[in-house]
Amino acid sequence: MKKTFLIFLISIVSLSVIHAQDSTSSKKISSGKGEKVIINIYNDFWQGADTSLTVKSFNRGVAFYLMYNVPFGKSKFSFNIGFGLGSHNLFSDASPAKEMSYDSVSSTNVYTGNTIFNRIPKTINGNKIEYIVNKINLSYFDVPVEFKYSAENKKGKDIRFAVGFKAGYLINNHTKYSGDDYLSGTTDKVKYKNYKIPNIETLRYGVTARFNYGMFGVFGYYSLTNIFKKDKGLEMYPVSAGIAISLL
């Protein structure tokens, strides 16, 4: 997945260079014209987590979008639509697992079909468990749309405010752990990834807002969908806030 994001980023940079070479002079974004590339760098604040896990304060995420601007005549309003990739991370002290329940008929433990979180033990066999990374990563192919207002202040700086909606399709999900091998009951250092977390929702959508002053600004996203399927896991969803960078 990192290669996919890298290729997408290289494509964006290449597009920026080509555009710069084609321009003989600096050109400001004015009414009726808009950005072609938007990069969002943000922190995810995860809502809905219960006592089964403790979510870290910093959960970095990034998104890259190619946009097409449709102006409303000669007004300062326009409509933006695009596509791109968005990535979200959840850092915590627990890992998702299939829930098991005791079946009195068979006298065995069976899977319920739900997803729960198991905390990483603090000690094992008298040894303290330490780890560098324990996270869930979710990556989406997104289609954002925006209703945007663009203007220019007295200093010649472009001011843009946009509200919109974003829908996405899950293209990758995995857990990543780096630390002591508590699963084997040792403190040997291990690194592993588990793909296809059970019961993750394939589709996601939510509302967005963005304010830019020149190239830089702020960005927000509020998810209207949970990351797990209904009644199959915690009702968790991200609220994202961070920096918006507009190019071209």
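Structure values in brief
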| item | result |
| --- | --- |
| Subset tally (residues that are in contact with a Ser or Thr (Cβ under 6 Å, 6 or more places away or on another chain) and open to solvent by less than 90 Å² (accessible area, probe 1.4 Å)) for region 130-157 | 5 |
| Residue, nearest to ILE116 (Cα to Cα), within region 163-189, restricted to residues that are touching a Gly at 6+ places or on another chain (Cβ under 9 Å) and modelled with pLDDT of 95 or more | GLY168 |
| Qualifying positions in region 175-207 - open to solvent by less than 20 Å² (accessible area, probe 1.4 Å), hydroxyl-bearing (Ser, Thr, Tyr) and farther than 15 Å from LYS135 by Cβ | none |
| Pair list, Cβ < 9 Å and 6+ apart or interchain, from region 63-81 residues that are farther than 27 Å from ALA241 by Cβ and open to solvent by 90 Å² or more (accessible area, probe 1.4 Å) to residues that are part of a loop (DSSP other than H, G, I, E, B) and at pLDDT below 90 | PHE72/GLY32; LYS74/SER31; LYS74/GLY32 |
| Residue tally, condition touching a Gly at 6+ places or on another chain (Cβ under 8 Å) and farther than 22 Å from PHE219 by Cβ, over region 121-151 | 8 |
| Qualifying residue in region 31-39 (condition: among the aliphatic types (A, V, I, L, M), more than 15 Å from SER246 (Cβ to Cβ), open to solvent by less than 50 Å² (accessible area, probe 1.4 Å) and modelled with pLDDT of 80 or more) | no |
| Condition met for GLY48 (closer than 20 Å to VAL143 by Cα and at pLDDT 65 or above) | no |
| Where THR4 falls short, out of the listed (1) of a type outside the set (D, E, K, R); (2) open to solvent by 60 Å² or more (accessible area, probe 1.4 Å); (3) modelled with pLDDT under 55; (4) over 22 Å from LYS196 (Cα atoms) | (4) |
| Given (1) modelled with pLDDT under 50; (2) in contact with a Lys or Arg (Cβ under 6 Å, 6 or more places away or on another chain); (3) small (Gly, Ala, Ser), index of the condition SER78 fails | (1) |
| First in region 232-248 and farther than 15 Å from SER87 by Cα and of a type in the set (Lys, Arg), second anywhere and assigned to a loop (DSSP other than H, G, I, E, B) and open to solvent by 20 Å² or more (accessible area, probe 1.4 Å), Cβ under 6 Å, 6 or more apart | LYS232/ASN199 |
| Every residue from region 44-62 that is outside any strand (DSSP E or B) and open to solvent by 60 Å² or more (accessible area, probe 1.4 Å) | ASP50, THR51, THR54, LYS56, SER57, PHE58 |
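The values are calculated or read from the model by the stated rules, or taken from the named source; none is laboratory data. As the structure is a computational prediction, the values presented were derived from the model and not from experiment. Glycine also receives a Cβ, built like all others from the backbone with ideal geometry; neighbour counts cover every protein chain displayed. These area figures cover heavy atoms from the full protein model, side chains too; ligands, DNA and RNA do not enter into them. Shrake-Rupley method; radii C 1.70, N 1.55, O 1.52, S 1.80 Å.
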